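Bear in mind these aren't lab numbers, they're just calculated from the coordinates by the rules spelled out. Keep in mind the model is a prediction, meaning the values are calculated, not measured. Here the Cβ positions follow ideal geometry from the backbone for every residue, glycine too, while neighbour counts run over all protein chains shown.
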Amino acid sequence: MEIKEAKIFQDYLNGVITGSETETSKKLFKDARSFYENSDCDLSDDTVMYEVYSYSQGDPKQTGNLNWGLTVMKPVTVNQECNITRGHFHEDLNCAEIYFCLHGEGLLLFMDENDHCYAEKMKTGTVHHIDGHLAHRLVNTGDEELRVGACWPTTAGHDYARIEKNPFKVRIFKENGNIVVKERHS
Ligand SMILES: [Fe+2]
């Protein structure tokens with residue numbers, strides 16, 4: 001019997017996913033400006049807001065295949081608004097997802113199909129089930145990196161346009177060290 005080395009490695013406590021088959025991307029501030037209520041600030045365009053690492057095997061269109069991923073969110077604010085991911089519904093609403101927090105503090109923000117929003121607190125060790133019918137977005141409310149692992153079906157897809165047309169109805173700010181939730185219905 002042949003015993004092989006694993007194709008990827010994840011440093012769960014302090015690092016990221018590495019290995020030749022790991023895909024990585026960086027979200028820069030210039031590509032994230034539209035996420036925020038007011039992006040007019042002195043952050044430089046090439047500020048890294050978050051990094052995404054992912055790994056998969058097989059045909060992504062094949063039902064049952066999985067993605068494994070990691071999002072590393074920097075502890076930056078934009079005019080006091082906490083760092084957020086773009087946010088999405090899944091294209092296939094039947095596909096759920098698991099998030100698990102590896103480091104930091106944050107919120108997992110949900111919005112249902114009636115625009116009702118709620119959040120789950122994230123800290124190292126929390127595990128979160130995301131129903132496929134809920135939009136979801138990460139929020140880094142802490143002073144350190146928020147690192148969140150994820151596992152989801154390759155057939156889930158990302159429907160970003162739906163959130164751009166109908167944004168989340170709450171925004172999360174950090175004001176004098178306090179987390180402040182503001183409702184937005186426009
Ligand atoms: Fe997702």
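Between the stretch 138-164 and the stretch 55-86, what's the alpha-carbon centroid distance in Å? Cα centres, the stretch 138-164 to the stretch 55-86: 4 Å.
Under 5 Å from the amide H of residue 90 lie the amide H atoms of 159, each residue being 5 or more positions distant or on a separate chain, with H modelled from the backbone and absent for Pro and chain starts.
Overall size of the stretch 9-183 from C-alpha positions, given as principal axis extents largest first: 46, 38, 30 Å. Computed on the chain, with alpha-carbon pairs under 8 angstrom and 6+ residues apart, the relative contact order is 22 percent.
Kirkwood Rh over Cα pairs of the stretch 1-60 into Stokes-Einstein at 10 °C, 1.306 mPa s: D in µm²/s?
Working: Rh = 14.4 Å.
The estimated diffusion coefficient comes to 110 µm²/s.
Here the simple spin-label model places points 7 Å from the Cα toward Cβ, and for residue 11 and residue 30 these points are separated by 2.9 nm. Proximity of backbone amide H atoms, modeled 1.01 Å from N, is registered between residue 82 and 172, 173, 174 at under 5 Å, excluding neighbours fewer than 5 places apart on the same chain. Taking the Cα atoms of the stretch 36-96, the ratio Rg/Rh between the radius of gyration and the Kirkwood radius comes to 1.10. In a shell of Cβ-Cβ distance under 13 Å around residue 15, excluding residue 15 itself, what net charge do Lys and Arg (+1) and Asp and Glu (-1) give? Summing Lys/Arg as +1 and Asp/Glu as -1 gives -2.
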